[in-house]
Amino acid sequence: MAEKKDRAPTMVDAINRALHEAMDSDETIVVIGEDVGTNGGVFRVTAGLKEQFGKDRVIDAPLAESGIIGFSIGMAMNGLKPVAEMQFSGFSYYALAQIENHAARMRWRTRGAHSVPMVIRMPYGAGVRALEHHSESREAFFAHIPGLKIVIPATPARAYALTHAAIRDPDPVIVMEPKAVYRTIREDIDGIEPAEIGVSRTVREGGDLTIVSYGAMLHRALEAAESLAADGIDTDVIDVETISPLDAAPIAASVEKTGRLLIVNEAPPSFGPAGEIAMRVMEESFYSLHCPIRRICGWDIHVPFFAREQAYLPSVDRIVRAARDMITD
Amino acid sequence: MTGHLEYPEPSTKPHRVLDANGNLVDDQTSIDDDVGFLEEAFKAMLRARRFDERLLKLQRQGAIGTFAPIKGQEAAQVGAASTLRDDDWFVPSFREKAAMLLLGVEMADIFLTAAGWNEGLAGKKGDRRLPETVPVSSQLPIAAGIAYAARLRGEDTVAMVFFGDGATSSGDFHEAMNFASVLKAPVVFVCQNNGWAISTPRSAQTASSTIAQKAHAYGMPSAQVDGNDVLAVRQVVEEAVERARTKGLPSMVEALTYRMEVHTTADDPSRYRDDDEIEAWRARDPITRVETFLRSRSQIDDAMVEVLEEQIQDEIDRAWAATKTRIAELEEQSDEVIFDHIFEDLTPPLKRQRKDFLKTGRGANDG
Ligand SMILES: Cc1ncc(C[n+]2csc(CCOP(=O)(O)OP(=O)(O)O)c2C)c(N)n1
Ligand SMILES: [Mg+2]
């Protein structure tokens, strides 16, 4: 997993490097978003791109999310490869209609005559003491739409690998970037290959319990796994870095070994990815289960203002308790 | 102190060449050079009108589904679309069948879509005549992006986007106008102000004196034109196309026209508008106006019109016959094609669902 090196890149650096490399090797790639050019993005993810590739390819857009996505769809249909940034995922809903009605649908409705090869990046998630509307985890909104791929990197290396993969993909890909991890982890990314979208990755092996997570919560799941290991409980931890299309095979395979599945994510539990993951495992490995599947998620409430946001997020303690209950039940 | 607030009143004199009776508005102007265009436009408008009438008949018979008739708006569409080059982009809403036909979209494909088959929208790869857009105004930012890409890639092509008066209330309209202007995209925004957005009249849609003036907020030039005067529309839109092509900049045209038919075939206009209004606009019919003019110049006569009508009916008959054959073929095929083209390559979950579908859905494997 993430090697902690002082000078190794953060997730912000890793995405930035992927964007530089991609734009350098393919001149059809354009970056568009609010404050992405001169300012290099509010999180500095696009820093330096405008200087290197010019304002026509690194477009400081007017403040209108639907406009940014609609405009990007048009560029994608006419030979460019836009990488659009939504400044915060909480404002991407203005663009939901463009995403649902056009980006996700164009190839299908024109029977392949047109396609929308574009990437939509957006920082998401809680944990950085942000202002209201800046902390939600709404991947289910997008994952529910046919024709979209949704990826969520958990570390700098995975962000680097997934950003490259998203840019190479011939269809619209949404990259949700867990901003709680933007700068907290450093990891070497030299020699990292582009990811394969649609593949879940086993990041820790153990035989007693399967924990599935992604994004910032993967790190809490791993911390929980450490503390469970101290008690002699060995955990498989699987990173579902592609939310859609979901690769349930490694999860099912793991459950066939462990008989126990615990899903951890920060989205509200109802109608969220945890339910989908559980259902897919039921379809494939129901008879291997020793106990009911459990999920530790956020709650079905809005993310509280930041003084209480940790009360919302799954804590390591909640994960550990649920895991212990499952083993002893 | 008061008097600081002001309204800069826009011009509200739409450009017009021929009046409703087919006479030159200004008898000092010569349109001798445009007679050829008017003859072509007359044919194109008549063809679109008859096709539209057939669609309506087929819908009433239950052979096709809901669609949006174009009757009354032929001149706005033909005049505007006639200015496009083959390599330009056409980005329509759902009421542009006259423009589509002019630009070479097959009648049979329009029939097929109206009959509920996805295959009707299957254009050629990269086809620049985009298919209809149902979500009102959502095509506008896309057109701006297409135009921007054309410029960035060094082409001198333009994107022409069509929309209604109702669309100009929506966010996407304003966002697209702003993006096109700020980012310098060669777009021609063509608003067909047909007076109504379903039951909502133009007066309830916006308090702007004109729709054209909305462009000014975006630093964009615009004009109002008599949308039932095909030559006037062509002249104004040509100017906008020229500006887009040579300067790479957007403009907006408001074509004043009228929807003489139902909004869609699911609509009953008697609930919201009087027959008097429709009658008043019947007197300004865009086709009659040109026909009268052409007859006055002896460009056409009864015999020619009769031949033309026969040719059009024959073309429509053949297209509908071809559509029925096509539908019969499609009905024979497995419906598993509904899974195609969701992505370039089918994902594993979709492959599984398609397999399930073939076992249980209405597929070719059914016994
Ligand atoms: C975003 C959206 N809202 C509502 C509708 C339903 N609808 C279809 S057409 C229409 C009115 C459109 O009016 P206008 O833009 O003037 O175009 P016209 O129908 O007159 O050609 C409405 C409300 C829709 N298709 N899309
Ligand atoms: Mg209207």
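Heavy atoms of the protein chains alone define the surface here; on that basis segment B:32-332 has 38 Å² accessible area per residue at 1.4 Å probe size.
The accessible area of A:His20, taken with all protein chains in place and a 1.4 Å probe, comes to roughly 40 Å². Peptide B:167-174 shows a mean partner chain C-beta count of 2 within 10 Å per residue C-beta. The apolar share of the surface of segment A:11-181, taken as the fraction of accessible area on carbon and sulfur atoms (1.4 Å probe, ligands and nucleic acids excluded), comes to 51 percent.
Ignoring any ligand, DNA or RNA, what whole percent of the accessible area of chain B comes from carbon and sulfur when the probe is 1.4 angstrom? All intermediate terms of the calculation are to be shown ahead of the outcome.
Details: 7940 of 16520 Å².
Its accessible area is 48 percent carbon and sulfur atoms.
At a Förster radius of 60 Å, what calculated FRET efficiency corresponds to the Cβ-Cβ distance of B:Glu315 and B:Asp345, to the nearest 0.05? It would help to have the intermediate numbers written out before the result.
On the way: r = 40 Å, r/R0 = 0.66.
After rounding, the FRET efficiency stands at 0.90.
Of all aspartates and glutamates in the structure, the ones whose alpha carbon falls short of 14 Å from that of A:Lys55, not counting any fewer than 8 places away in one chain, are A:Glu27, A:Glu34, A:Asp35. Based on the convex hull around the alpha carbon atoms, chain B presents an average projected area of 23.8 nm².
About the Cα centre of chain B, what is the dipole size in debye to 20, counting +1 per Lys and Arg Cβ and -1 per Asp and Glu Cβ, all else neutral? Could you put the intermediate results ahead of the total?
Numbers: 43 positive and 61 negative charges, 238 e Å.
It works out to roughly 1140 debye.
List the residues of segment A:112-130 that lose 40 Å² or more of accessible area once all protein chains are present, compared with their chain alone (1.4 Å probe, heavy atoms only, no ligands or nucleic acids). Buried-area filter returns A:Ala113, A:His114. For B:Lys351, the lysines whose Cα comes closer than 17 Å to its Cα, not counting residues fewer than 8 places off in the same chain, are A:Lys149, B:Lys359.
Percent of C-alpha pairs per 5 Å bin in segment A:56-133, short distances first: 3, 16, 25, 22, 16, 10, 5, 2, 1, 0.
Buried accessible area for the A:B pair, summed, 1.4 Å probe, in Å² rounded to 100?
Working: alone 14160 and 18340 Å², together 28820 Å².
Counting both chains, the buried surface is close to 3700 Å².
On a 0 to 90 degree scale, rounded to 10, what angle separates helix B:302-332 from the longest Cα axis of chain B? That works out to roughly 30 degrees.
To the nearest 10 degrees, how steep is helix B:139-152 against the longest Cα principal axis of chain B, on a 0 to 90 scale? That works out to roughly 80 degrees.
Partner lysines whose Cα lies under 17 Å from the Cα of B:Lys324, excluding those fewer than 8 positions away in the same chain, are identified as B:Lys57.
How do B:Glu6, B:Glu254, B:Glu132, B:Glu238 rank by accessible surface area computed with a 1.4 Å probe, from largest to smallest? Can you show the working numbers first?
Details: B:Glu6 150, B:Glu254 0, B:Glu132 45, B:Glu238 80 Å².
Final ranking, largest accessible area leading: B:Glu6, B:Glu238, B:Glu132, B:Glu254.
Panel note: contact residues of segment A:61-89 (accessible area lowered by at least 30 Å² against the chain on its own; 1.4 Å probe) correspond to A:Pro62, A:Ala64, A:Ser66, A:Gly67, A:Phe71, A:Gly74, A:Met77, A:Asn78, A:Leu80.
Rank-order A:81-87, B:323-329 by packing density, defined as the average count of other C-beta atoms within 10 Å over each peptide's residues, highest first. Write down the numbers at each step before the final one.
Numbers: A:81-87: 25.6, B:323-329: 15.0.
For the peptides A:81-87, B:323-329, the packing ranking is A:81-87, B:323-329.
For the protein assembly as shown, the Kirkwood hydrodynamic radius from C-alpha pairs, put into Stokes-Einstein at 25 °C and a viscosity of 0.890 mPa s, yields a diffusion coefficient of 88 µm² per second.
Based only on Cα atoms, what mean projected area does the convex hull of chain A have, in nm²? Intermediate results must be reported in sequence, preceding the final value.
Numbers: hull surface 65.4 nm².
If you wrap the Cα atoms of chain A in a convex hull and average its projections, you get 16.4 nm².
For the residues of B:347-353, the average number of beta carbons from a partner chain within 10 Å of their own beta carbon is 4. In this structure B:Lys43 has an accessible area near 80 Å², from a 1.4 Å probe over the protein heavy atoms. A Cβ-based charge dipole, computed about the Cα centre of segment A:22-68 with Lys and Arg at +1 and Asp and Glu at -1, lands at about 100 debye.
Helix B:35-60 and the long axis of chain B differ in direction by around 50°, with both axes built from C-alpha atoms.
Put the Cα centre of segment B:263-295 next to the Cα centre of segment B:201-260 and the gap is 21 Å. Under a model in which nothing but the beta-carbon of Lys, Arg (+1) and Asp, Glu (-1) is charged, chain A shows a dipole of about 480 debye around its Cα centre.
Give the average over all directions of the projected area of the C-alpha convex hull of segment A:201-328, one decimal, in nm².
Across all orientations, segment A:201-328 yields a mean hull projection of 7.3 nm².
Accessible surface comparison of A:Arg168, B:Arg354, probe 1.4 Å, protein chains only, largest first: the order is A:Arg168, B:Arg354. Protein-only accessible surface at a 1.4 angstrom probe places the residues B:Phe94, B:Phe67 in the order B:Phe94, B:Phe67, largest first.
Summed over qualifying helices (DSSP H, 4 residues or more, each -39500 (n - 2.57)) and divided by its residue number, the protein assembly as shown shows a 222 nm mean residue ellipticity of -11500 deg cm²/dmol. Modelled label positions at B:Ile31 and B:Ser296, each set 7 Å beyond Cα in the direction of Cβ, lie 0.9 nm from each other. Measure out, as a whole number of angstrom, how far apart the alpha-carbon centroids of segment B:296-321 and segment B:43-72 sit. If you average the Cα positions of each part, the centres end up 16 Å apart.
Mind checking the mean number of beta-carbon atoms from other chains within 10 Å of the Cβ atoms in B:337-343?
Details: counts 1, 1, 2, 4, 12, 8, 14.
Partner-chain Cβ atoms within 10 Å, mean over residues of B:337-343: 6.
The values are calculated or read from the model by the stated rules, or taken from the named source; none is laboratory data. Just so it is clear, the structure is predicted and the values come from calculations on it, not from any experiment. Quick reminder, even Gly has a Cβ in these numbers, built from the backbone with ideal geometry, and neighbours come from all protein chains shown. Calculation scope for accessible area: heavy atoms of the full protein, side chains included, ligands and nucleic acids excluded. Shrake-Rupley method; radii C 1.70, N 1.55, O 1.52, S 1.80 Å.
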